[in-house]
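Asker: This is the structure, below, for whatever I ask next.
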Amino acid sequence: MAGAAELLERDAQLSELSALLETARSGEGRIALVYGEAGIGKTALLTQFTRLQGRNARLFWGACDPLSTPRPLAPLLDIAWTQAGQLAGRIAAGASRETIFQALFEELRSPKPSAIVVIEDLHWADDATLDLVKFLGRRAQRTTALLVLTWRDEGIRADHPLRASIGELPRQVVSRIPLRGLSPAAVESLGASAHRRTEGLHAVTNGNPFFVTEVLASDAPGVPATVRDAVLARAARLPGLTRDLCELGSVVPSRVELSLLEAAAGETFAALDDLLGSGILSLEDGAVVFRHELARQTIEDALPPLRSRDLHARVFAALRARGEDPAQLARLVHHAAGAGDSASVLRLAPAAAKHASRLGAHREAEAHLSMALRHAGDLLPHPRAKLLAAHAYECYLTDRMEDGIASCSAARTLWAGIGDRVREARCLSWISRMAWYVARTDEAQRYADLAITALEGLLPGPELAMAWLTRAGLYASANDCAAAIPFAEKALKLAGELGKPEIEANGLNVLAWAQIQAGEEAGWALMEQSLRLSLEHGLQDAAGSAYANLGTLAVEERRHELAAKVLDDGIAYASERDLRTRILCMYCWRARLRTETGRWAEAVDDAAHVVDHPGSSALFRLAALTPLGLLRARRGDPGGREALDEALALARENGELERMVPVAAARGELQWLSGDEPGAAAEASAVIEKARKARRPWYVADLAVWIWRGGGTPPPVDECARPVALQLQGDWRSAAAEFERLGCPYQAALACYESDDPDAILSALDALDKMEARPAAARLRRRLSELGVRGIPRGPRAARRGHPFDLTAREQEVLDALSLGLSNGEIAARLFVSPKTVDHHVSAILTKLDVRSRGAAVAKARRTALLETPEVPAK
């Protein structure tokens, strides 16, 4: 009955999957996203699909685990166990993650029959698995495979890493297949087959196939109040030993191998046939599986605490008897914790963290170390300090700086009590680094100085080199190149003496950073040398830092072609290794790059990766809010001033010129676009003297142009970057040409504002209209009017803009979703963005349609034929 229910009303989805597989067979791989609430029938749909296509395609099937901390690459391990060949061999040999990923990709590229790759339950995925999804997704079109990804779409938070991972898949190969509940007629049909009455059943279950069949299978009269009641009523009917075996199986997430169940169950295992006959569990490929994970969780959650601990202890003992294979460490930790076995957690969790970190699953590594710390109450100071330091490092890699500072501070206190001055100073350096990311600049400088003072009286070692580099980095970030360079050079010299390539790579990075800021061309070659050295030695964080700093400096110096390549490559590199701190940094700077080069929709997406993540460090939030607020100002969208207000507050807290200048320039432009020329000059003038003192021509230029346009006195032209210098000299035509050469279409068009040439202004106006830069276009129209030009274009017509109300493609998608009565949360899940981003789109839609409510927007859209969907009741 369960199978029949799950396959009702799924013909359309089966047909779509079949069509995608046919396209893949032609040499253009495809990705299908199958999602819906728990129990909606995702697995049943794919089981039927693969059964129909099994003779003509190879099947690779894996699933993520609902462990307290997921196993790294659990789906890949599932696939390897069922497939012979290179993949299994490389995993068994302990190959690197990159080698394993490549082995699977080669399997999918092979001239064998097409492949169907199913990765289930991505809502439980570890970071390494999400990296695998992105790795395969970027290469899908070069295979003959259909990659099918499934997840539960309810309860996916705004900061869930799955959102970003799905958002990075290439849109041209992706098809979305949402699953909805069964119709009332289908529920009624199932009730008739089960000889049960179904009054009120659809209302209670909303047509969820699993919920429907559980209720129909229970003996409770009428409709149970909850599905939990139905599951527990069904389990309560089992005989004693059978129920005991069922409860034992419930503490093992996903599936329990028969051999493991037998070892843990002892005599109770004899009840297996009765348990399988009950229909609550089934036997699949040598393992016992609950008919649905919801049923397993329901039974496990109902266990009394002592009973649960005893069952976990039995499973843990059976698992440990098999040995401590690295791939099984996460399972061992899960059951040791469930059994309350602190000694085993403390022994196994750090090893599990090390294994996860090696596979690039740094958030899982942090979770294992957090688990260990929760069981470390009686641990001696020395091992506890080591555990805290390891946890702090994983927090640093995953942008959990406040947690990292807390752990590092606790470790520092312990090392001080032990009398280990070197390790205490090492903690001071790490606290300094992390304090900088949360915009506590003064604190960062103080801790860096304390580290140096503590170490300079001891035998020189890698800790001293690191402390020097930390101080050099703080000087460089403050644009004090003269102070940064000596510290970086000392660290490099010591790194050479010690033979430490990681310190050498980081030293080259910081030295290059300072030299480039000082205008020394040699710094660019040094930064590329740092990147090469990091990649050659597999120094992941050092490589991520080199990518980020090279990309940042290339954006600041308007080397846009270099910046685009470095940031694209760097984001891919860091994403595949879960270096979240580096990823967020590069998203911020790519957002600014795309803002400068006219790729505004993509810039908003990049900024949203950071702004929509509630845990982002202050420095990243500031760096993302700046281009986001500027773009809203340039397009006349709501929220620009609010974003730049928050950015200014964060920039003042940080105090560094690298943060202050972009915010001041953006706020100056916002004021000018709003018609407040004195306000524009005032915003830019607030930091101009600091920019001049730093002798950074682009910093000075970005501010000078708004001082000038606002009626103030700009700095001397020889202090400004060339395009703005030309503009201040009155050579608008050369300035526009220079901006065009740099790939800055908005600035090139705006340079014509000061022109007296109507043809040039009209051409610039056309460019601004195409970019949807409404406020700037309005100013150019007024300028043309001042010059006496008649017949000024009123703006792009619907035929040219492609939309009668000037909605973007994404705004039209949101409007379509509004017409279905969906909430912001439901729209966010459908479009793989955050509810906050949806709220911004809704505000823009209301502004452009000139209405005050969502319902009014939908009504107006229907009247103007913007919607083809039938009218539905609003929620």
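Asker: Loop-only check: which GluC sites (Glu not before Pro) in the range 503-573 are DSSP coil with at most 12 other Cβ within 10 angstrom?
Answerer: Here the sparse-neighbourhood loop sites are GLU521.
Asker: Something else: Work out the length of the dipole vector of the range 576-650 about its Cα centre, built from +1 on the beta-carbon of each Lys and Arg and -1 on the beta-carbon of each Asp and Glu, and round it to the nearest 20 debye.
Answerer: Values: 12 positive and 11 negative charges, 42 e Å.
Charge dipole of the range 576-650: 200 debye, to the nearest 20.
Asker: Could you tell me how many degrees, from 0 to 90 and to the nearest 10, lie between the Cα long axis of helix 462-477 and the main elongation axis, the longest principal axis, of the Cα atoms of the chain?
Answerer: Tilt relative to the chain: about 50 degrees.
Asker: When ligands, DNA and RNA are left out and all protein chains stay put, how many square angstrom of accessible area per residue does the chain have with a 1.4 Å probe?
Answerer: Working: 35110 Å² over 875 residues.
Roughly 40 Å² per residue, with all protein chains present.
Asker: Calculate the FRET efficiency for GLU22 and GLU813 from the Cβ-Cβ distance with a Förster distance of 35 Å, rounded to the nearest 0.05. Walk me through the intermediate numbers first.
Answerer: Values: r = 27 Å, r/R0 = 0.77.
Once rounded, the FRET efficiency stands at 0.85.
Asker: At q = 0.14, 0.20 Å⁻¹, what base-10 log of I(q)/I(0) does the Debye formula yield for the range 580-705 when every alpha carbon is treated as an equal point scatterer in vacuo?
Answerer: -0.55, -1.13
Asker: At q = 0.16, 0.18, 0.24 Å⁻¹, work out log10 I(q)/I(0) for the range 641-711 with the Debye formula, treating every Cα as an identical point scatterer and leaving solvent out; two decimals please.
Answerer: Scattering profile of the range 641-711, log10 relative to I(0): -0.46, -0.59, -1.00.
Asker: While we're here: At what distance in nm do the modelled label points of LYS112 and GLU521 sit from each other, each positioned 7 Å from its Cα along Cα→Cβ?
Answerer: Each label point is offset 7 Å from its Cα along the Cβ direction, giving 5.4 nm.
Asker: Enumerate the whole-percent occupancy of each 5 Å bin, from 0 to the last occupied one, for all C-alpha pair distances of the range 230-335.
Answerer: Bins of 5 Å from zero give 2, 13, 25, 27, 20, 9, 3, 1 percent of pairs.
Asker: Would you mind getting me the FRET efficiency between ALA778 and GLN141? Use the beta-carbon distance for r and R0 = 41 Å, nearest 0.05. Don't skip to the answer; put the middle values down first.
Answerer: Numbers: r = 42 Å, r/R0 = 1.03.
About 0.45, to the nearest 0.05.
Asker: Could I ask something else about it? Rounded to whole Å, give me the distance from the Cα center of the range 467-532 to that of the range 377-408.
Answerer: 27 Å
Asker: Gap in Å between the Cα centre of the range 588-609 and the Cα centre of the range 315-359?
Answerer: Taking the Cα centre of each part, the range 315-359 and the range 588-609 sit 42 Å apart.
Asker: Mind checking the dipole of the chain: about its Cα centre, +1 per Lys or Arg Cβ, -1 per Asp or Glu Cβ, Debye to the nearest 20? Don't skip to the end; give the middle numbers.
Answerer: On the way: 105 positive and 113 negative charges, 178 e Å.
Charge dipole of the chain: 860 debye, to the nearest 20.
Asker: How much FRET efficiency would the formula 1/(1 + (r/R0)^6) give for GLU324 and ALA287, where r is the Cβ-Cβ distance and R0 is 22 Å, rounded to 0.05? Provide the component values of the computation, followed by the final result.
Answerer: Values: r = 21 Å, r/R0 = 0.94.
Using R0 = 22 Å, I get an efficiency of 0.60.
Asker: Any idea what Rg and Dmax come out to for the range 667-799 if you just take the C-alpha atoms, in Å?
Answerer: In Å, with Rg to one decimal and Dmax whole: 14.9, 50.
Asker: Now, a different point. Once you order the gyration tensor axes a ≥ b ≥ c over the Cα atoms, which shape class does the range 317-356 get: rounded for a/c under 1.5, otherwise prolate or oblate by comparing a/b with b/c?
Answerer: oblate
Asker: Taking the Cα atoms of the range 1-149, what is the range of coordinates along each of the three principal axes, in descending order and whole Å?
Answerer: Extents along the principal axes: 45, 40, 25 Å.
Asker: Here's a follow-up. Where both residues lie in the chain, what percent of DSSP beta bridges are antiparallel, nearest 5? Before the final figure, lay out the partial values.
Answerer: On the way: 6 of 29 bridges.
Approximately 20 percent, going by the DSSP bridge assignments.
Asker: Given only helices, namely DSSP H runs of n ≥ 4 each adding -39500 (n - 2.57), what is the per-residue ellipticity at 222 nm of the chain, to the nearest 500 deg cm²/dmol?
Answerer: Values: 47 runs with 582 residues, N = 875.
Rounded to the nearest 500, the figure is -21000 deg cm²/dmol.
Asker: On a 1.4 Å probe surface of the protein chains, which of GLU489, GLU257, GLU214 comes out largest in accessible area, and what is the full order? Walk me through the numbers on the way to the answer.
Answerer: Details: GLU489 95, GLU257 50, GLU214 10 Å².
Of GLU489, GLU257, GLU214, the descending order of accessible area is GLU489, GLU257, GLU214.
Asker: Looking at the square roots a ≥ b ≥ c of the eigenvalues of the Cα gyration tensor of the range 471-535, which shape do they give, rounded for a/c under 1.5, prolate if a/b is larger than b/c, or oblate?
Answerer: It comes out oblate by the Cα gyration axes.
Asker: Further question: Leaving out ligands, DNA and RNA, what percent of the accessible area of the chain is carbon and sulfur, probe 1.4 Å?
Answerer: 52 percent
The values are calculated or read from the model by the stated rules, or taken from the named source; none is laboratory data. As the structure is a computational prediction, the values presented were derived from the model and not from experiment. Note that each Cβ is placed from the backbone with ideal geometry, even for glycine, and that neighbours are counted across all protein chains shown. We work out accessible area using only protein heavy atoms, side chains counted, and drop any ligands, DNA or RNA first. Shrake-Rupley method; radii C 1.70, N 1.55, O 1.52, S 1.80 Å.
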